[in-house]
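Scroll down for the structure; my scribbles are underneath it.
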Amino acid sequence: MSESTGTDPEPTRFDLVVIGSGSGNSLVTPDFEDRRTAVVDRGIFGGTCLNVGCIPTKMFVHAAEVAHTVRDAARFGVDATLDRVRWDDVRDRIFGRIDPISEGGRDYRRDAPHTEAFLGHARFVGDRELEVRIAHPGGAHEVGSVHRIRGDQVVVAAGSRPHIPAVIADSGVPYHTSDTVMRMDELPASMVVVGGGVIAAEFAHVFSALGVRVTVVSRGERLLSQVDAEISRAFTELARDRWHVHLRAAPVAARRGGDGVELELADGTTVTGEGMLVATGRVPNSDGMGLDVAGVQVRPDGRVEVDQHGRTTAPGVWALGDVSSPYQLKHVANHEARVVAHNLVHPEDLWSFDHRYVPAGVFSHPQVATVGLTEAQAREQGYDVTCKTQAYGDTAYGWAMEDTTSLFKLVADRRTGHLLGGHAMGPHAASLIQPVIQALSLGGPTGPLTALQLARGQYWIHPALAEVLENALLGLEVAPYEDVTADYDPQGEDAAAS
Ligand SMILES: Cc1cc2nc3c(=O)[nH]c(=O)nc-3n(C[C@H](O)[C@H](O)[C@H](O)COP(=O)(O)OP(=O)(O)OC[C@H]3O[C@@H](n4cnc5c(N)ncnc54)[C@H](O)[C@@H]3O)c2cc1C
Ligand SMILES: NC(=O)c1ccc[n+]([C@@H]2O[C@H](COP(=O)([O-])OP(=O)(O)OC[C@H]3O[C@@H](n4cnc5c(N)ncnc54)[C@H](O)[C@@H]3O)[C@@H](O)[C@H]2O)c1
């Protein structure tokens, strides 16, 4: 352990210094077991996904789905009433599970012989040299002490944070972000959600299902405007049935009012809520850490500049995840961490990031999932585009669910039969889309799988919900199916001879 109560005269040397304990924490692979690694984090150990992101939100979403199912039960001839939502029990079940995992991860890094945890803000003071001011107890260093550390290699995995529009930040009105809203003491009667993206869609679902009156305010023309327009339009229509939705309506003034906050919107209306959640995008944490001192360049949008291997513009300094990636997604941050972990110890054989087919899920109600090109993007890129939008309600499991609104849309190249994209909205969309991700990413022996190979080259379990995708594939107008595996006999002569 490095000892310090003031500023260290000489930096303590590590083989590897990692700034950020989210996906950065997974860089301490067995390759580093006989080396010294420092993991620095100024926030809750384990990063965004574990503590304030993917994992708790999906645990809240599950509770919301349970409440929604009870409310919706009568449609199936099952009468049930939702008696009460015990918010504190919902919240405490979730964080009672997550907080010990975070603390365990921190303690492991603190106590393991090959790692040292620094629980404070890191700032570059020279080439691969950093100063860390300890901000939190629970580590091996006194709060307030300052440490100089130097890494033979340094990885910046510092993540991102919520962006707050100035009109709200400067107004002095109280607001939540995704960092705080999940730990509220009690549920408000009403909530204004500012933003029309992923975080807004997920929390609007959670809070409305748990009984809160939700108003969504976004400057965009549709909710989830990044996804395929047909899906985004359909999602926006359904959202209007559940929430008060104001579009093309960024807040122009914010003040305390009623029982909480009052927002004046660009469309001339005023909305109020007992509580307010601001979900207007996230900015990379590349500021305030002296990157210029270290020769690390930052792009105009705030992302650290990296090449396809994760190298920044400073030798020996790498970056990954939300702080540098074009995608703010955990599976991308984890993928980039696997690539950088390899590259740190194999400079002669560098791996590259694979950003070809990055999927994303939105765990709202309905759920949305997307991968590959939207129809508009495919047309812009000059493909001979063919699309099929399959209703869940036209399949057997869709009948069971009495589904009238869910869709699975495929975008394909008519000439080659190759899939270009998949976009789903409805129950289990994020799981149902996985075969499309596989078809795009993995391909078969003669190149990427075609839509009809995916449809007819395998069985589809009947009458599972996945038949929605099977029917969508069969509905595409593409070249006829050729079974490229027809000559392959794994138990034939060739196999016996080998
Ligand atoms: C509400 C919400 C829900 C989400 N849901 C999903 C989802 O369902 N699926 C999905 O794929 N993605 C989801 N995401 C996105 C996902 O959480 C992020 O893409 C991912 O966590 C980024 O990982 P990271 O390692 O790059 O950064 P982080 O996990 O944010 O880790 C960065 C760490 O660096 C620390 N740090 C920053 N600056 C410094 C400094 N100067 N010194 C020391 N420490 C520093 C921070 O304290 C932080 O702990 C969600 C995000 C949010 C906010
Ligand atoms: N399920 C998931 O994978 C998941 C869940 C949550 C978050 N995330 C990640 O976190 C990132 C950030 O999420 P997010 O929802 O904050 O951002 P986002 O970029 O998805 O959406 C931001 C929204 O805010 C609106 N907006 C921006 N400024 C505004 C203003 N001044 N007034 C009103 N509306 C305004 C935009 O029009 C947009 O609809 C996402 O891009 C995503 O990558 C992923």
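Any read-out appearing in this document is the output of simple, stated calculations on the displayed coordinates, not a laboratory observation. Quick caveat: nothing in here was measured; it's all calculated off a predicted structure. In this analysis, Cβ positions are derived from the backbone assuming ideal geometry, glycine residues included, and neighbour counts consider all displayed protein chains.
Structure summary
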item	result
Rel. contact order, % - alpha carbon contacts under 8 angstrom, at least six apart, the chain	13
Cleavage-rule hits, trypsin sites (Lys or Arg not before Pro), segment 371-429, DSSP coil, Cβ neighbours within 10 Å at most 13	ARG415
Distance between modelled label sites at ALA479 and TYR108, nm, 7 Å Cα→Cβ extension	4.9
Sequence-distant residues sharing a close amide H with VAL298 (under 5 Å, placed H)	GLU305
DSSP-assigned coil residues among chymotrypsin sites (Phe, Trp or Tyr not before Pro) in segment 314-423, each with at most 14 further Cβ atoms within 10 Å	none
Positive-end extreme of charge dipole, the chain - chosen from CYS54, MET276, GLY96 (charges on Cβ)	MET276
VAL216 long-range amide H proximity, modeled H, under 5 Å	VAL193, HIS244, VAL245, HIS246
DSSP beta bridge pairing in the chain, given as percent antiparallel to the nearest 5	60
Within segment 229-255: backbone nitrogen closer than 15 Å to the VAL167 label point (7 Å, Cα to C-beta)	246-255
Proximal aspartates and glutamates to LYS388, defined as alpha-carbon separation beneath 17 angstrom and excluding residues fewer than eight positions away on the same chain	ASP228, GLU230, GLU375, ASP413, GLU467, GLU470, GLU477
Debye, to nearest 20: dipole size of segment 366-478, +1 on Lys, Arg Cβ, -1 on Asp, Glu Cβ	260
Calculated diffusion of segment 166-280, Stokes-Einstein form, Kirkwood radius summed over Cα pairs, 37 °C and 0.692 mPa s, µm²/s	235
Cα-based equivalent ellipsoid of segment 144-227: semi-axis lengths in Å, sorted from largest, via gyration tensor	32, 18, 14
MRE, 222 nm, helices only [DSSP H, n ≥ 4, -39500 (n - 2.57), over the chain, to nearest 500]	-8000 deg cm²/dmol
Cβ-placed point charges (K, R +1; D, E -1), dipole of the chain about Cα centre in debye, nearest 20	1140
Stokes-Einstein translational diffusion, segment 1-158 - Kirkwood Rh over all Cα pairs, 1.567 mPa s, 4 °C, in µm²/s	73
Distance (nanometres) between label positions extended 7 Å along Cα→Cβ at ASP301 and ALA229	2.1
Residue-by-residue Karplus 3J(HN,Hα) for segment 101-109, coefficients 6.51, -1.76, 1.60, Hz, glycine and proline x	5, 4, 5, x, x, 5, 5, 5, 5
Trypsin sites (Lys or Arg not before Pro) restricted to DSSP loop in segment 64-153 with at most 14 other C-beta within 10 Å	ARG84, ARG86
Placed amide H near LEU476: partners under 5 Å, 5+ positions off or other chain	none
Segment 145-156 - phi-based ³J(HN,Hα) in whole Hz, Karplus 6.51/-1.76/1.60, Gly and Pro as x	6, 10, 10, 9, 9, 9, x, 4, 9, 10, 10, 8
Share of pairwise Cα separations in segment 366-478, more than 26 Å, in percent	13
Separation of the GLN377 and MET184 label points, Cα + 7 Å toward Cβ, nm	3.4
³J(HN,Hα), Karplus 6.51/-1.76/1.60, whole Hz, each residue of segment 268-275, x for Gly, Pro	x, 8, 10, 10, 10, x, 5, x
Rh (Kirkwood; distinct C-alpha pairs) - segment 71-178, Å	18.8
Protection-proxy order for peptides 171-181, 450-460, each taking the mean of Cβ atoms within 10 Å per residue, highest first	450-460, 171-181
In Å, descending, principal axis extents of the Cα set of the chain	78, 71, 41
